[in-house]
Amino acid sequence: MNGRTSNPAAGFFRWGLVAAVAAFAWLRFSDNIADNDLWGHVLYGERNLAAGAIERTDPFSWTATGQPWINHEVLAEIALGGAHRVGGATGLWLLMIALSAATVLWALRQGAAGDTDQRWAAVLLLGASVNFIALGCAARPQLFTLLALVALFSALRGFFGGRLAAGSMLPPLFALWANAHGGFLAGLLVLVVAAVSEIALLVVPRLAGAIPFAPPSWRPGWMRIAATTVISILAVALNPWGLGLLRWTIASVALARPHITEWQPMALNAGNAAFFIVLVLSAAGWIVSRRPRRLWEAAALALLAAMAVASRRHAPLFGLANLILTPRHLADAFDRIRGRIASLRRLAVQPAFQWVTGIALAAAAISSVRASMAAPREHPWSIEVPRDEYPVAAIAFIRAQHLNGNMLTFFDWGQQVIWELPDNPVSFDGRLDTVYSPEIMEAHWALSAGQRITPALHLERARVALLPTESGGIDLLRAAGWKLLYRDPLASVLVPGRAASPGHAADIPPVFLGAPAVSGRVLFPNAPPALADPRRRANR
């Protein structure tokens, strides 16, 4: 695809390819389903904006009353809360689109900064990586980590390439990053691995001849690199919890999360095929390439690849880093095998083939754009709440029946409950170890799995329960004397038996609903929640 040509078929094919990749990226990055923590992030951001201060103890849970709250995503939540204040659900969606576009286009620009073959390699690599990069591009604080990671690689390439000013940007980057999202720890690991790699080649010059990597292109001295790294690590302390936040984040990463899908290993299946194909082809490109290979780039990319395999949550980080660092090697690898695929190349330059393929690509682009505005999306320019993922109908039942009081909550739905039911303090929610003790977390994992009810739950204090209909915890509660009041295919509502619950709750006739209760989507709330006023705390 290199070089310019006046062949209209070739031009149409190229534009068709670009349009197909761009439209597919739009389809995936514009996905408008609410993340299960979005209610909380927006609420906490709005409370911080209203109070002009950061809350340090829990105001929402009855199982963590008065406990310290390490709300380590303050800057991201203020941005989300501000976007919601200004534009409601549409404001959140626009912020998501803006951050996603800035991140991906910046990474693409860095990866495509070379000859024509490298630019096309970057475009094709983006198309192959869209699915797993998009895993991190929901309206959530992780968006800020993705943008910060691209900024980190940009700064490192400049710093190790001889621009001292680029190195001076690293400490303020980490100071901001640590206040926006816990992903700053991944950034620190990349920084340390990159610095150690460069220092090793500077301190032991013979190492460059023993391994197939280019020596440093300049010699700032290992002390400058080490000092910049140490100062960047210390800059993380510029947050409300100081260096304690770094210690807490390290401990949090090691925390078991058995019911959180994105923290599980990247399974070798059809759904993850794109990731593993990109991983294998990228590794082959690095191995075959004749272009200079920098040790720090290879080490950082290998680190992020290993993190992605260990936890699919980190796949977007690998995808973006790979988009920045690998296109030049893929382009050179392709150049080396041109002679072996001469017959395919002759076919590819035939006008008939280019017209047919270009039309197919254009059709694919149109199909992706249409899909981005069609069902199941009902409000494509706003954030939506699918009724088959979130207990919209069950919460409406709880509100209608005035079932107020301490609530046993399913982890995924806790922050939605905080927003929608301000008179129902939660027992557990997506804040996880930022506020809850290990005993409380383990008690809820055991309840959800239908294993046991532990004393840490203090079941006698609960007045209502909202659990998935398929949860084994429902059988445990019913065996403990709780009454099932509501059930639909997604969620169930229970209250304690007559002796332990208000007479009103015990006398409510059970309601059982079918598929219509969990069909379709609703708009994420445009109005601020009742608890957005920091003077109000959940009534325990």
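The values are calculated or read from the model by the stated rules, or taken from the named source; none is laboratory data. Given the structure is predicted, the values throughout are model-derived calculations rather than measurements. When we count neighbours, we look across all protein chains shown, and the Cβ atoms used for this are built from the backbone with ideal geometry, even at glycine. In case anyone asks, the SASA skips ligands and DNA or RNA and just uses the protein heavy atoms, side chains included. Shrake-Rupley method; radii C 1.70, N 1.55, O 1.52, S 1.80 Å.
Quick check, is E384 modelled with pLDDT of 95 or more and open to solvent by 20 Å² or more (accessible area, probe 1.4 Å)?
Details: modelled with pLDDT of 95 or more: yes; open to solvent by 20 Å² or more (accessible area, probe 1.4 Å): no.
For E384, the condition - modelled with pLDDT of 95 or more and open to solvent by 20 Å² or more (accessible area, probe 1.4 Å) - is not met.
Show me the helices (runs of 4 or more DSSP H) found entirely inside segment 252-339 where at least 2 residues are open to solvent by 30 Å² or more (accessible area, probe 1.4 Å) and within 23 Å of G182 (Cα to Cα). Walk me through how you get there before you give the answer.
Details: elements: 273-288, 295-310, 315-325, 327-336.
The helices (runs of 4 or more DSSP H) meeting that bar are 295-310.
Could you tell me whether segment 125-139 includes any residue that is over 18 Å from the mean Cα position of the chain (by Cα), open to solvent by 40 Å² or more (accessible area, probe 1.4 Å) and over 30 Å from L92 (Cα atoms)?
No.
Can you find even one residue in segment 450-470 that is closer than 29 Å to H72 by Cβ, in contact with a Leu (Cβ under 9 Å, 6 or more places away or on another chain) and open to solvent by 10 Å² or more (accessible area, probe 1.4 Å)?
yes
Going by the conditions given, is A34 modelled with pLDDT under 95, among the aliphatic types (A, V, I, L, M) and either crowded, with 21+ Cβ neighbours inside 10 Å or farther than 22 Å from L146 by Cβ (or both)? If you could, list the steps in order and put the result at the bottom.
Working: modelled with pLDDT under 95: no; among the aliphatic types (A, V, I, L, M): yes; either crowded, with 21+ Cβ neighbours inside 10 Å or farther than 22 Å from L146 by Cβ (or both): yes.
So A34 does not fit the description; no.
Is there any pair with a first residue in segment 240-261 that is β-branched (V, I, T) and a second that is assigned to a helix (DSSP H, G or I) and buried (at least 16 other Cβ atoms within 10 Å of the Cβ) whose Cβ atoms are under 6 Å apart and which are 6 or more apart or on different chains, and what are they?
Once the first residue is β-branched (V, I, T) and sits in segment 240-261, its partners that are assigned to a helix (DSSP H, G or I) and buried (at least 16 other Cβ atoms within 10 Å of the Cβ) give T249/L185.
Sort out which residues of segment 511-522 are in contact with a strand residue (DSSP E or B) (Cβ under 6 Å, 6 or more places away or on another chain) and open to solvent by 60 Å² or more (accessible area, probe 1.4 Å), and write them in order of number. Please lay out each step first, then the result.
Quick first cut of segment 511-522, residues in contact with a strand residue (DSSP E or B) (Cβ under 6 Å, 6 or more places away or on another chain) only: 511-512, 521-522.
If the condition is that a residue be in contact with a strand residue (DSSP E or B) (Cβ under 6 Å, 6 or more places away or on another chain) and open to solvent by 60 Å² or more (accessible area, probe 1.4 Å), then F512 is the only one that fits.
Tell me which of these M441 doesn't satisfy, since it passes every other one: (1) out of contact with any Phe, Trp or Tyr (no Cβ under 8 Å at 6 or more places or on another chain); (2) surrounded by fewer than 21 Cβ atoms within 10 Å (Cβ to Cβ).
Among (1) out of contact with any Phe, Trp or Tyr (no Cβ under 8 Å at 6 or more places or on another chain); (2) surrounded by fewer than 21 Cβ atoms within 10 Å (Cβ to Cβ), the lone unmet condition for M441 is (1).
I78: open to solvent by 30 Å² or more (accessible area, probe 1.4 Å) and assigned to a helix (DSSP H, G or I), yes or no?
Criteria met by I78.
Would it be correct to say that P489 is modelled with pLDDT of 95 or more and assigned to a helix (DSSP H, G or I)? First the steps, then the outcome.
Details: modelled with pLDDT of 95 or more: yes; assigned to a helix (DSSP H, G or I): no.
Here the answer is no, as P489 does not meet what is asked.
Just for segment 417-467: of the residues that are assigned to a helix (DSSP H, G or I) and aromatic (F, W, Y), which one is nearest to A530 (Cα to Cα)? Reasoning before the result, please.
Restricting attention to segment 417-467, the residues satisfying the condition of being assigned to a helix (DSSP H, G or I) are 417-420, 432-434, 438-448, 455-457, 459-461.
Of the ones still in play, those that are also aromatic (F, W, Y) are 419, 445.
Working: W419: 7, W445: 29 Å.
Only one residue fits best here, namely W419.
Which is at pLDDT 95 or above and open to solvent by 10 Å² or more (accessible area, probe 1.4 Å), of A200, A194, A175, A208?
Working: A200 fails: at pLDDT 95 or above; A194 fails: open to solvent by 10 Å² or more (accessible area, probe 1.4 Å); A208 fails: at pLDDT 95 or above.
Only one candidate qualifies: A175.
Looking at (1) open to solvent by 50 Å² or more (accessible area, probe 1.4 Å); (2) at pLDDT 95 or above; (3) not in a helix (DSSP H, G or I), which one does R28 not meet, given that it meets all the others?
Every listed condition holds for R28 apart from (3).
Give all pairs with beta carbons closer than 6 Å in which a residue from segment 266-282 that is on the phi < 0 side of the Ramachandran plot and aliphatic (A, V, I, L, M) meets a residue that is part of a helix (DSSP H, G or I) and open to solvent by 50 Å² or more (accessible area, probe 1.4 Å); count only pairs at least 6 apart in sequence or on separate chains.
Final answer for the pair search is M266/V309; M266/R312; A274/N131.
If you go through segment 511-529, how many residues are in a loop (DSSP other than H, G, I, E, B) and in contact (Cβ under 8 Å) with a residue 60 or more places away in the chain?
To start, the set of residues in segment 511-529 that are in a loop (DSSP other than H, G, I, E, B) comprises 513-514, 519-520, 524-529.
Applying the additional criterion that residues be in contact (Cβ under 8 Å) with a residue 60 or more places away in the chain yields 513, 519-520, 524-529.
The total comes to 9.
Select from segment 398-407 the residues that are at negative phi and either in a loop (DSSP other than H, G, I, E, B) or crowded, with 21+ Cβ neighbours inside 10 Å (or both) and list them in ascending order.
At the first step, the residues of segment 398-407 found to be at negative phi are 398-401, 403-404, 406-407.
Across segment 398-407, the qualifying residues are I398, Q401, L403, N404, N406, M407.
Does any residue in segment 91-105 that is under 15 Å from G136 (Cβ atoms) come within less than 8 Å, Cβ to Cβ, of a residue that is open to solvent by 30 Å² or more (accessible area, probe 1.4 Å) and in a helix (DSSP H, G or I) six or more places away or on a different chain, and which pairs are these?
So the pair list comes out as L95/A79; L99/F144; L99/L147; A102/L147; T103/L147.
Does segment 61-72 include one or more residues that are polar (S, T, N, Q), assigned to a helix (DSSP H, G or I) and over 23 Å from L523 (Cβ atoms)? Before you say what the answer is, go through the steps one by one.
Of the residues in segment 61-72, the ones polar (S, T, N, Q) are 61, 63, 65, 67, 71.
Next, from what is left, pick out any that are assigned to a helix (DSSP H, G or I): none.
Looking for residues that are polar (S, T, N, Q), assigned to a helix (DSSP H, G or I) and over 23 Å from L523 (Cβ atoms), one finds none in segment 61-72, hence no.
Take L94 and decide whether it is surrounded by 23 or more Cβ atoms within 10 Å (Cβ to Cβ), modelled with pLDDT of 95 or more and either among the acidic types (D, E) or part of a helix (DSSP H, G or I) (or both). If you could, list the steps in order and put the result at the bottom.
Working: surrounded by 23 or more Cβ atoms within 10 Å (Cβ to Cβ): no; modelled with pLDDT of 95 or more: yes; either among the acidic types (D, E) or part of a helix (DSSP H, G or I) (or both): yes.
So L94 does not fit the description; no.
Would you check if F410 is at pLDDT 95 or above, closer than 30 Å to A527 by Cα and open to solvent by 10 Å² or more (accessible area, probe 1.4 Å)? I'd like the intermediate steps shown before the answer.
Values: at pLDDT 95 or above: yes; closer than 30 Å to A527 by Cα: yes; open to solvent by 10 Å² or more (accessible area, probe 1.4 Å): yes.
When the stated conditions are applied, F410 passes them.
Would you be able to say whether some residue in segment 102-123 is open to solvent by 10 Å² or more (accessible area, probe 1.4 Å), within 30 Å of P529 (Cα to Cα), touching a Phe, Trp or Tyr at 6+ places or on another chain (Cβ under 9 Å) and not aromatic (F, W, Y)?
no
Can you tell me which residues in segment 1-20 are among the polar types (S, T, N, Q) and either at pLDDT 85 or above or under 18 Å from L361 (Cα atoms) (or both)?
First, the residues of segment 1-20 that are among the polar types (S, T, N, Q): 2, 5-7.
Passing the criteria: only N7.
Test of understanding: among A375, A365, which residue is assigned to a loop (DSSP other than H, G, I, E, B), surrounded by fewer than 24 Cβ atoms within 10 Å (Cβ to Cβ) and among the hydrophobic types (A, V, I, L, M, F, W, C)?
On the way: A365 fails: assigned to a loop (DSSP other than H, G, I, E, B).
When all the criteria are applied, what remains is A375.
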